[in-house]
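Heads up: the structure comes next, in structure tokens.
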Amino acid sequence: MTAVATASWPQHDQIEDRDQSLDHFICKDGEVFAGTHLIIDLWGAKGLDCLERMEAAMRACVDECNATLLHIHLHHFTPNGGISGVAVLAESHISVHTWPEKDYAAFDVFMCGDSNPHRAVEILGRYFHPSRSEVLEERRGKIR
């Protein structure tokens, strides 16, 4: 068995002294964390088999969330037309997998720094018109 070294994060009272080592960490509501990860499920959604719409939606999310796009890769499955893909961001990523035959899409939106991943929920609603949305939020990399 190989031993895995783990780094310990600085305590909250050490953060001001080590600000540079916490590139893009967020301080909010008394917590310090790496980023916000939203798990977004869209039910009763439309247009989930259209690559052009998916790319436009992801680009709109990037812009509206104040993120930096590095690359988008989308794959179109046949015969059902489902799409899997990712928008790689300087601030992390937006990923998607769709089941158009079930009118269902699963999105992950994970962002750090000054970006606002919550704006993606509204954008995705505008592009795919779900009858129901479910959003779970997790603050990743909590120091405190």
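FYI, it's all coordinate maths here, none of it is from the lab. Predicted, not measured: the structure shown is a model, and the values here were computed from it. With ideal geometry, Cβ positions are generated from the backbone for all residues, glycine too; neighbour counts draw on all protein chains shown.
Some values worked out for this structure:
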item: Matching residues, region 95-144, being without any contact (Cβ under 8 Å) to a residue 24 or more places away in the chain and within 11 Å of the chain's Cα centre (by Cα); result: Ser95
item: Matching residues, region 99-126, being of a type outside the set (Gly, Ala, Ser), crowded, with 22+ Cβ neighbours inside 10 Å and more than 12 Å from Ile40 (Cα to Cα); result: Met111, Cys112
item: Matching residues in region 65-108 - criterion: being closer than 30 Å to Lys142 by Cβ and either polar (S, T, N, Q) or in contact with a Lys or Arg (Cβ under 9 Å, 6 or more places away or on another chain) (or both); result: Cys65, Asn66, Thr68, Leu69, Ile72, Ser84, Ala87, Ser92, Ser95
item: Output for region 73-87, where each listed residue is more than 16 Å from the chain's Cα centre (by Cα), in a strand (DSSP E or B) and more than 15 Å from Phe128 (Cα to Cα); result: His75, His76
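This table checks each residue for (1) touching a strand residue (DSSP E or B) at 6+ places or on another chain (Cβ under 7 Å); (2) in a strand (DSSP E or B); (3) charged (D, E, K, R).
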{"position": "Cys27", "(1), (2), (3)": "no, yes, no"}
{"position": "Ala57", "(1), (2), (3)": "no, no, no"}
{"position": "His71", "(1), (2), (3)": "yes, yes, no"}
{"position": "Val96", "(1), (2), (3)": "yes, yes, no"}
{"position": "Val121", "(1), (2), (3)": "yes, no, no"}
{"position": "Leu124", "(1), (2), (3)": "yes, no, no"}
{"position": "Ser133", "(1), (2), (3)": "yes, yes, no"}
